[in-house]
Amino acid sequence: MTQFTDFGLAEPILRALSEENYVTPTPIQAQTIPLLLEKRDVIGIAQTGTGKTAAFALPILNHIAVNRVRPQPKTCRALVLSPTRELSGQILDSFRAYGRHLRIHSALAIGGVSMGGQVRSLLNGVDVLVATPGRLLDLVHSNALRLNGVETFVLDEADRMLDMGFIHDIRKIVAKLPKERQTLLFSATMPTDIAELARQMLRDPAKVSVTPAATTVERIAQRIVHIDRAGKAKMLSDILRQEPVDRVLVFTRTKHGADKVVRGLNKDGFTAEAIHGNKSQNQRQRVLDNFRSGRVRTLVATDIAARGIDVEGVSHVINFDLPNIPESYVHRIGRTARAGTEGVAISLCSHDELPFLRDIEKLIRMAIPATGQVSRPAQRTQPQQARNGRPQNGQHRNGGNRNGQSRNNGHARSEHTRNGESRNANGAARSERPAQRPQNSNAKHNPQHRQQRQDQRHAPHDRRPAAAPAGEVGNDIARVAFMQPR
C-alpha cells in the first residue's frame, strides 16, 4: 500500500486525511491497517513517532462509519487505554481530526480533573473512549461506565503501562470486557510480562514490527557528558547557551529534581517550566500550551512526559538524570527528530549513573560518544579514633548503636528482648553481658583464665581490669576486655 486511498477507507475519512495532508502511509500504518480492517487481533512493535495512532484510529473509525449503531447508555464501542493524561488527550485529538466528517461521539477519561463532567459525557454512550486505567476503573466502580459493549480494545504503550505499575489494573479491565472483541496491543518493547499479557488477551494475533525493539532513531545525534553531580546545573546552563536550541526537553528522575532544575535555570536567566505528576491537569495543560506556542522554550519533565508529549520542533533532549530503566532512554530521546527532522540528545552522566549508562548502551546496541572525564565518588572519611582505640561520637568499635544493638557490616547482630536477653540470628537467647563470660568454650577450663577472673573480682571498682597478653587468651576475649563497664 503506497497511498491511503489504497486501503478502501470510507470517503469521509479520506477527506479528513487529505485536509491533514496525509498522502503516504508510514510502515506501521501500511502493515497494520489492512490487518485491522480484516478484524484481526494485532501486536504492533513500534517506537514513538512512527504514526501508530493513525494505524489503529483509522480502522476503528472506518468500522464505526460502516456499521452505524447507536451505542448503549454508559457504554463505548471502542476503548483505548494509554498510560498518561497527555498521551490520552493527543490520541483523542487524532480521533476527532480523522473523524471530523463522521459526527462520532467521543470522550476522555483521565485523572487530575473532576469526574462529574466525564460521567455526564458517558450517560448516552460514546463511540470512542480514550482513558487512563485508574480513572477508567473509578468510572466502572461508580456505575458510570459499563464495558460489556466494547467492540475494539486498544492497549497503547503497553510497556510503559508495565513500568508505571498499571499491569494489575489492566487485568481487571480486561476481565470486564466481552470475549468477542478485537484487541490491539502496541508497545515500543516486548518484555516478558507484556508478552504473557498479550498471550492472554489476544486471539491468534498478527505481529507487526517495523523497527528492531528499543532501537534509537538514526537521525538523533547522541552524546554523553561525564561530569560530577554537583556540576550538572552549570553544565546544563552552558549547553543551553552554546547549542542552537529551538525547543528543548530536559528530563529528570524525580519531581523534586524537576522543580529544582527549573529554579536554577530561572536564576540563570532562562525561561523554563516543569511538568510532572504533582501538577494539576490544568497546570500541565497550561505548561504544554506554552511549550507548543513557543512562549516557553525549555520544558523540564519527569518520565511522565517521555511518551506523552508530541510537540513539533523539539530540537534537543537533555537527560539531566539518566533513567534507571534503559527503555525510558529510548522514549525520552524519541521526543526529538520527529516527522523526518533531525535532533540532538545529550545526557549528563555522573559516576553513580555509570551502571545505567551501561544498561542503555547494551539495549540500543551501540556505544554513545562521550566527552569529559568519568568522575569519581568522594572518599568517605573514617571516624577519628581516640587514644584508647575507641571511636568517637559514642559509637562502639563493632558498629553498635546507642540502643544496644550491635551491627556487623550494617546488619543487626542482636536484638534485645524485654527480659534483658538478646537473641542471635537463629533466635537463641544469649547473655546481655558477653564481657562477663568467656565465649571460647575451652577458655573456661584454663587455670590462667580462672586466676584472671579472681583478680578481676577482688580488684578495686574504680579502675578497669588489665587485659591479659594477647598470646595467653583467645582473640575474642582480647576484643571484648576493654568493653567492660567502668
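Extension gain, Ser237 to Glu11, is 76.2 nm, computed as 0.36 nm per intervening residue step minus the present C-alpha separation. How many angstrom lie between the C-alpha centres of segment 221-264 and segment 286-334? Here the answer is 12 Å between Cα centres. The Cα atoms of segment 41-103 give a gyration tensor whose axes a ≥ b ≥ c have a/c of 1.5 or more with a/b greater than b/c, which makes the shape prolate.
In order along segment 103-110, the phi-based Karplus estimate (6.51 cos²θ - 1.76 cosθ + 1.60, θ = phi - 60°) of 3J(HN,Hα) comes to 6, 7, 9, 9, 8, 10, 10, 9 Hz; Gly and Pro are listed as x. Rounded to whole numbers, the Karplus 3J(HN,Hα) couplings from phi for segment 56-63 are 9, 6, 5, x, 5, 5, 5, 5 Hz, using 6.51 cos²θ - 1.76 cosθ + 1.60 with θ = phi - 60°, and x at Gly and Pro. For the pair Ala370 and Gln72, label points projected 7 Å from Cα toward Cβ lie 6.0 nm apart. With θ taken as phi - 60° and the Karplus curve 6.51 cos²θ - 1.76 cosθ + 1.60 applied, the whole-hertz 3J(HN,Hα) list for segment 163-176 is 4, 8, x, 8, 4, 6, 5, 5, 4, 5, 5, 4, 5, 8 Hz, x standing for glycine and proline. A straight Cα-to-Cα reach below 13 Å connects Lys39 with the aspartates and glutamates Glu151, Glu180, Asp204, residues fewer than 8 places away in its own chain not being considered. Put simply, the amide H of Gly44, placed in the peptide plane, has neighbours under 5 Å in Leu185, Phe186, Ser187, Val208, leaving out anything fewer than 5 places away on its chain. Residue exposure proxy: Asp359, Asp310, Asp289, Asp159, ordered by other Cβ atoms within 10 angstrom of their Cβ from fewest to most, comes out as Asp289, Asp359, Asp310, Asp159. Residue exposure proxy: Met190, Met161, Met201, ordered by other Cβ atoms within 10 angstrom of their Cβ from fewest to most, comes out as Met190, Met201, Met161. Near Thr75, the amide H atoms lying under 5 Å from its own belong to Gly125, Val126, Arg146; only residues 5 or more places off or on other chains count, and H is placed 1.01 Å from N. A straight Cα-to-Cα reach below 27 Å connects Lys234 with the lysines Lys255, Lys260, Lys267, Lys279, residues fewer than 8 places away in its own chain not being considered. Compared with the direct C-alpha span, the chain from Met115 to Lys179 gains 20.2 nm at full extension, assuming 0.36 nm per residue. Cβ-to-Cβ counts within 10 Å put His276, His168, His101 in ascending order as His168, His101, His276, the fewest first. Around the amide H of Gln182, modelled in the peptide plane, lie the amide H atoms of Thr152, Phe153, all under 5 Å away and 5 or more residues distant in sequence or on another chain.
We did not get these values from a lab; they are worked out from the coordinates using the rules stated. Just so it is clear, the structure is predicted and the values come from calculations on it, not from any experiment. Here the Cβ is made from the backbone with ideal geometry for all residues, glycine too, and neighbour counts use every protein chain on show.
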